[in-house]
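The values are calculated or read from the model by the stated rules, or taken from the named source; none is laboratory data. The shown structure was predicted, so the numbers you read here are calculated from the model rather than taken from an experiment. What goes into the accessible areas is simple: the full protein's heavy atoms, side chains included, and nothing from ligands, DNA or RNA. Shrake-Rupley method; radii C 1.70, N 1.55, O 1.52, S 1.80 Å.
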Amino acid sequence: MTTPQEIREKSFDKARSMFGGYDMATIDEYLEELANDFEALQKENVVLKSKMKVLVEKLEEYRGQEESMKK
């Protein structure tokens with residue numbers, strides 16, 4: 001997984017042409033790597049949100065049971 005620090009520190013080779021710029025193949029490769037990492041993070045986020053929703057529902061259920069037991 002690419003870290004934010006690695007993204008900030010990433011540098012690209014200059015293209016070998018009279019126009020200058022950067023080597024597009026290197027940039028495309030790096031963007032594909034970032035896209036894969038981002039996709040994995042999105043999937044993980046969906047799973048974690050789902051788990052959190054279940055936990056919140058259980059917590060509310062337990063709080064309701066606690067109130068009933070107090071009465």
- Item | Proximal aspartates and glutamates to LYS10, defined as alpha-carbon separation beneath 16 angstrom and excluding residues fewer than eight positions away on the same chain | ASP23, ASP28, GLU29, GLU32, GLU33, ASP37
- Note on the structure: Counting only protein heavy atoms with a 1.4 Å probe and every protein chain in place, the carbon and sulfur fraction of the accessible surface of the chain in whole percent equals 57 percent
- Task: Express the Stokes-Einstein translational diffusion coefficient of the chain in µm² s⁻¹, to the nearest whole number, given a Kirkwood radius over alpha-carbon pairs, 20 °C and a viscosity of 1.002 mPa s.
- Result: 131 µm²/s
- Item | Helix axis angle, 24-70 relative to the chain longest principal axis, alpha carbon, degrees | 10 degrees
- Query: Sequence-distant or interchain residues sharing an amide H contact under 5 Å with ALA15, placed H: which?
  - Reply: GLY21, TYR22, ASP23
- In Å², rounded to a whole number, the accessible area per residue of region 1-61 with probe 1.4 Å is 91 Å²
